[in-house]
Amino acid sequence: MTTVLVVDDDEHIRELVRLYLEDEGMAIIDKSTGREAWDYMNQHQVDLVVLDVMMPQMDGWELCRKIRNSGDLPILMITAKSESIDRIKGFQLGTDDYLVKPFDPMEMVMRIKALLKRYRISTSQTIKLGNVVLDKKSYQISFEDSGQTTTIPLKEFELLYKLASYPGKLFTRDMLIDQIWGYEYEGDMRTIDTHIKRLRERFACYGDEFRIVTLRGLGYRLEVRHD
């Protein structure tokens, strides 16, 4: 059973989320502060976190940062703030999606289902992008339309695999550098742009199946256009 941790100091919001997600067969754990949620996560496993931004003891920004630094876990932020700068901050800290209060509960359900589906894809050793298949075990790429198999430079493969593991998710340059090149990397941050350009050139003929999109000032995301 999927376990969702709901973190919000508003009891009514917690009950609303619980009502709709339990109807979907999910198990709900709710906490009223970021500190309580973090302590719980250090002792128990959850599959997804729904969190508010403004909370006592530890706010949603800090909790999001801690969750993301500890590993890959889907995060949906729910907040009363609608300013774009707050959404940008959330994405830069690693949140996967964003809802502004008041929100449609059924929209929340659909977004959570989409996040769970996205993260299940990331656990597989192979990812299919239309006719392009990425195999993490062999670091090979096969093309179902031609039957051919090829390899590309390791960092290019890892970059494409990372983006394809979370279709639709925004990755900042900092996130990609940390996750692929490592925290101790001291080279030019623009190396990301160079690798993205090469990937686009390599797979230009598959642009009707997937593409890597630039979000100016934010980063990159991969969009699947055909399954």
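The values are calculated or read from the model by the stated rules, or taken from the named source; none is laboratory data. Everything numeric in this text was worked out from a predicted model, so none of it was measured. All Cβ positions, glycine included, derive from the backbone under ideal geometry; neighbour counts span all protein chains shown.
Search the stretch 56-68 for residues that are touching a residue at least 12 places away in the same chain (Cβ under 8 Å) and pair each with any residue that is of a type in the set (D, E) and part of a helix (DSSP H, G or I) when their beta-carbon atoms are under 8 Å apart and the residues are at least 6 apart or on different chains. Close Cβ pairs satisfying both conditions: Q57/E36. When you scan the stretch 25-36, do you find a residue that is farther than 21 Å from D97 by Cβ and touching a Ser or Thr at 6+ places or on another chain (Cβ under 6 Å), even just one? Within the stretch 25-36, none of the residues are farther than 21 Å from D97 by Cβ and touching a Ser or Thr at 6+ places or on another chain (Cβ under 6 Å). Can you pull out every residue in the stretch 36-46 that is assigned to a loop (DSSP other than H, G, I, E, B) and either closer than 20 Å to L21 by Cβ or in contact with an Asp or Glu (Cβ under 7 Å, 6 or more places away or on another chain) (or both)? Of everything in the stretch 36-46, those that are assigned to a loop (DSSP other than H, G, I, E, B) and either closer than 20 Å to L21 by Cβ or in contact with an Asp or Glu (Cβ under 7 Å, 6 or more places away or on another chain) (or both) turn out to be H44, Q45, V46.
Looking only at residues of the stretch 115-130 that are assigned to a helix (DSSP H, G or I), out of contact with any Gly (no Cβ under 8 Å at 6 or more places or on another chain) and in contact (Cβ under 8 Å) with a residue 40 or more places away in the chain, we find that the one that is nearest to G168 (Cα to Cα) is L115. Any residue at all in the stretch 189-207 that's under 22 Å from K136 (Cα atoms), at pLDDT 90 or above, in the same structural domain as L163 (by TED's automatic domain parsing) and aromatic (F, W, Y)? Yes, that holds for at least one residue. Being acidic (D, E), surrounded by 12 or more Cβ atoms within 10 Å (Cβ to Cβ) and touching a Leu at 6+ places or on another chain (Cβ under 8 Å) is a condition met by at least one residue of the stretch 137-160.
For the stretch 1-25, a residue qualifies if it is without any contact (Cβ under 8 Å) to a residue 60 or more places away in the chain and within 22 Å of the chain's Cα centre (by Cα), and the qualifying residues are M1, T3, L5, V6, V7.
The selection criterion, being buried (at least 18 other Cβ atoms within 10 Å of the Cβ), in contact with a helix residue (DSSP H, G or I) (Cβ under 6 Å, 6 or more places away or on another chain) and closer than 20 Å to G71 by Cα, holds for L93.
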